[in-house]
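To start, the structure under review is shown below, and the notes come after it.
The values are calculated or read from the model by the stated rules, or taken from the named source; none is laboratory data. Just so it is clear, the model here is predicted, and its values are computed rather than measured. FYI the Cβ positions are ideal-geometry reconstructions off the backbone, even for glycines, and counts take in every protein chain you see. Each accessible area value is taken on the protein alone, full model and side chains, heavy atoms only, with ligands, DNA and RNA left out. Shrake-Rupley method; radii C 1.70, N 1.55, O 1.52, S 1.80 Å.
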Amino acid sequence: MPGVVVVGSQWGDEGKGKITDYLSSKADVVVRYQGGNNAGHTIEFNNQKYALRLVPSGIFSGNPVVLGNGMVINPKALLEEIKYLNDANINTSKILISDRAHVILPYHLEIDALQEKYRGDKNIGTTKKGIGPTYVDKYARIGIRMGEFVNEELFKERLAEVLPLKKREYPELDFSVEGIFEEYKEYAKIIKPMVCDTALVLDEAFENKKNILFEGAQGTMLDIDYGTYPYVTSSHPGANGVCEGAGVGPVMIDEAIGIVKAYTTRVGSGAFPTEIEGEIANTIREVGREYGTVTKRPRRIGWFDAVVVNQSRRMSGLTGISLMLLDVLTGVEELSICTAYTLDGKVIHALPSTISELDRVQPVLETMPGWSEDITTVTSFAELPENCKKYLHRIEELIKCPIVMFSVGPDRTQTIVLKEVF
Ligand code: GDP
Ligand code: IMO
Ligand code: MG
């Protein structure tokens, strides 16, 4: 009865949605445990493409999906997403939402935008979905949780307590309790039947030896503690976030699968040691369709960075990785891999903690010849071109973790499994 977690192992957008969907055929329940609609997870099958932000990518399996207590949920965005799925004839009747998850309200979005504005050229480049400000309220103990939100009286009472505090902090806010309440109580009515103590549901699944799949959002370099702080998100995207964000114990996690791009991308500001610009970067961006699912921003492009993935392996205790978007590198004549950094002339093998050091690190790169053969239809490791095999072997060696799956295209069928995880 394994519990498997799918972990973004770089700066997000590694293909977590694709792999979660793929693995969900063997999972009895799929759980998101952190983040909110800052995520954009893409799933493709039967010539259809879906983009999910809040609903776990296991929704297409027909099994229950859980939005865990560690998430921050914008009710309006959730209902829009449910409508989008229903319009595509996808059944959403098995969505469960934790009564402890925090609710994103309009003032959180406004505060997100204000903070970004006041940071000026030091802005984080957030998705402006109110994620950080909602987590701030959670930890300041002035958040409103789903359990309160779906109880009209409690919701109004809590809003009347909290909104004046936020307005004192941000006098620019132009919201009234009545205004928010009248609009959002309608959303709460629709959401109410989905809200429960989801930790009990997971405990029962565990007792009954069911397969549980946890779906991370963002990536470990955006982790609030171990990411490139302060240019991070406000949660724990790695396996380290599962226990607190799903209400389960560590014994429920048997496998942690790092989702890793065959190169690196980042959206938003902050250090990016292997970043490249110019022709190769532009080609990778176009071939890999590297534009944000949520904000449509062009993603920054860089070489594969083993220091980053090693940090993810340590933080999440990765038991394997799924190497994604390998096909995008076809045709790149010479590939570089970052094996370490230098900081002020000294070789280092882990990310330093301060942004000023991060801005100064230089990647130590080694090069390998690329391949030109089309690999989008391969169905086994053996069919890969020799140089591609060497690239995979070198990555495994550097990150000290086996490649258990790899991906050669966006479609569900373009997934090659080397070792079953369920
Ligand atoms: P997530 O946030 O980790 O779920 O990743 P995104 O969905 O934001 O970004 C990954 C993008 O790569 C999506 O457009 C996927 O459809 C696409 N994708 C996933 N795997 C592959 C692959 O192996 N090859 C190609 N070409 N695209 C892929
Ligand atoms: P998925 O799940 C890539 C980035 C933002 C910004 C920083 C903080 O699709 O991989 P936030 O709105 O969270 O306060 O923004 O984090 N970011 C992501 N980058 N993929 C994501 O999600 C991201 N979610 C947030 O661009 O740099
Ligand atoms: Mg994404």
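For this structure, a couple of remarks:
- Antiparallel %, DSSP beta bridges [both residues in the stretch 259-417], to 5: 70 percent
- Spacing of the two label points (7 Å from each Cα toward its C-beta) at Glu182 and Thr377, in nm: 6.1 nm
- Using only side-chain charges placed at the Cβ, +1 for Lys and Arg and -1 for Asp and Glu, the dipole size of the chain relative to its Cα centre rounds to 340 debye.
- Note on surface exposure: Leu109, Leu365 rank Leu365, Leu109 by accessible area, highest first, 1.4 Å probe.
- For the chain, calculated [θ]222 nm from helices alone, where every DSSP H run of n ≥ 4 adds -39500 (n - 2.57): -9500 deg cm²/dmol
- Cα-Cα over 32 Å, subset of Lys167/Lys261; Lys76/Lys122; Lys129/Lys419; Lys26/Lys128; Lys128/Lys210; Lys49/Lys167: Lys167/Lys261; Lys129/Lys419; Lys26/Lys128; Lys128/Lys210; Lys49/Lys167
- Modelled label positions at Lys296 and Tyr118, each set 7 Å beyond Cα in the direction of Cβ, lie 3.0 nm from each other.
- Rg to Rh quotient for the stretch 231-337, alpha carbon positions, Kirkwood Rh: 1.01
- Exposure rank, largest accessible area first [Thr367, Thr354, Thr265; 1.4 Å]: Thr367, Thr354, Thr265
- Just the protein heavy atoms count here, and of the accessible area of the chain at 1.4 Å, carbon and sulfur take up 50 percent.
- Largest accessible area first, the listed residues Ile403, Ile190 line up as Ile190, Ile403 when surface is computed with a 1.4 Å probe on the assembled protein chains.
- Of the GluC sites (Glu not before Pro) in the stretch 355-390, the ones in a loop by DSSP (not H, G, I, E or B) with at most 15 other beta carbons within 10 Å are Glu373.
- Selection among Leu109, Asn123, Gly179 by position relative to the dipole of the stretch 102-192 gives Asn123 as farthest towards the positive end (Cβ unit charges, Cα centre).
- Spin-label zone in the stretch 125-144 - amide nitrogen under 19 Å from a point set 7 Å from the Cα of Ala160 along the C-beta vector: 142-144
- For the stretch 295-395, accessible area per residue (1.4 Å probe, heavy atoms of protein chains only), Å²: 44 Å²
- Rounded to 5, percent antiparallel among DSSP beta bridges of the chain: 45 percent
- Summed residue charge, Cβ within 13 Å of Asn151's Cβ, Lys/Arg positive, Asp/Glu negative: +1
- R0 of 51 Å, Cβ-Cβ distance Asn387-Val251: FRET efficiency to nearest 0.05: 0.75
- Net charge contributed by nearby residues that have their C-beta within less than 15 Å of Pro385 (K/R +1, D/E -1): -4
- Distance in nm between pseudo-label sites at Val347 and Lys419 (7 Å out along the Cβ direction from Cα): 2.8 nm
- Nearest-0.05 FRET efficiency for Val136 and Lys189, computed from C-beta distance (R0 22 Å): 0.20
- Checking every one of the GluC sites (Glu not before Pro) in the stretch 203-301 against DSSP loop status and a limit of 15 other Cβ atoms within 10 Å picks out Glu277.
- Heavy atoms of Asp174: accessible area, 1.4 Å probe, square angstrom to 10: 140 Å²
- Label point 7 Å beyond Cα of Arg314 along Cβ direction - residues of the stretch 217-256 with amide nitrogen under 13 Å: 226-227
- Estimated at the nearest 10 Å², the accessible area of Arg285 is 40 Å² with a 1.4 Å probe.
- At an R0 of 35 angstrom, the distance between the Cβ atoms of Thr367 and Lys94 translates into a FRET efficiency of 0.10.
- Rounded accessible area of Trp11 (nearest 10 Å², 1.4 Å probe): 10 Å²
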